[in-house]
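The values are calculated or read from the model by the stated rules, or taken from the named source; none is laboratory data. Predicted, not measured: the structure shown is a model, and the values here were computed from it. Every residue, glycine as well, gets a Cβ built from its backbone with ideal geometry; the counts of neighbours run over all protein chains shown. To get the accessible areas, we keep the full protein, side chains included, count just its heavy atoms, and leave off ligands, DNA and RNA. Shrake-Rupley method; radii C 1.70, N 1.55, O 1.52, S 1.80 Å.
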Amino acid sequence: MKIEKNTVVSLRYKLTDAQNNVIEEPDSPMVYLHGGYEGTFPKIEALLDGQNIGFETTVQLEPTEAFGEYNPELLKIEPRTRFPEPLEVGMQFEGVPEEGGEEDSDLLAAEDEDDEESLIYTVTDVADNQVVLDGNHPLAGMALRFWVQVQDVRAASDEEIANRHPAGAESFTFGMPNEEDGDESDADDFISIASGAGRSNPRTLH
């Protein structure tokens, strides 16, 4: 079966930088719904369109084709007292706490109240009194090379098409945390998403 719109594609992949240093090479394949559902980068999807099982290729994506250019304005320095302990480099938070009391420490969206999601900030440095946060994607500003091999192709179900996502496949992004099912037990919306570990799960190339 050829890859075409509304097919579910399983890919083996290896992600390297422009100097061929390996960034990620998971054991499990990533799975996405083909056909403009934002399950992978457009350049990769275009290369895979019409291909069969066993097809493999290597493609280089410039920053504008992948995770964008690095934006220094997304680098923030915040008082350490606003953060939970223990606090370590590599931890990731959704949003940053607003100035004010604890009751007002809702998520601070990415400079735009219309954004559906807050930025994910990564702790890049921790001092006695301050914390450095970076709201850029960890791979922002990098040219990336993807080796991909088509492992399986099947027709998508009506439900998968309606959901714009393969059944049972989590939606991941490189270097970013796995969004587990919503945990409403957190005292605040300002929460630690991940500690930077456990990034070996299959991810969508997006």
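Points worth noting:
- Apportionment of accessible area to carbon and sulfur, region 1-53, percent (1.4 Å): 44
- With a Förster radius of 30 Å applied to the beta-carbon distance between A18 and V132, the computed FRET efficiency rounds to 0.70.
- In this rough spin-label picture, where each label sits 7 Å from Cα along the Cβ direction, the L87-D158 distance is 5.2 nm.
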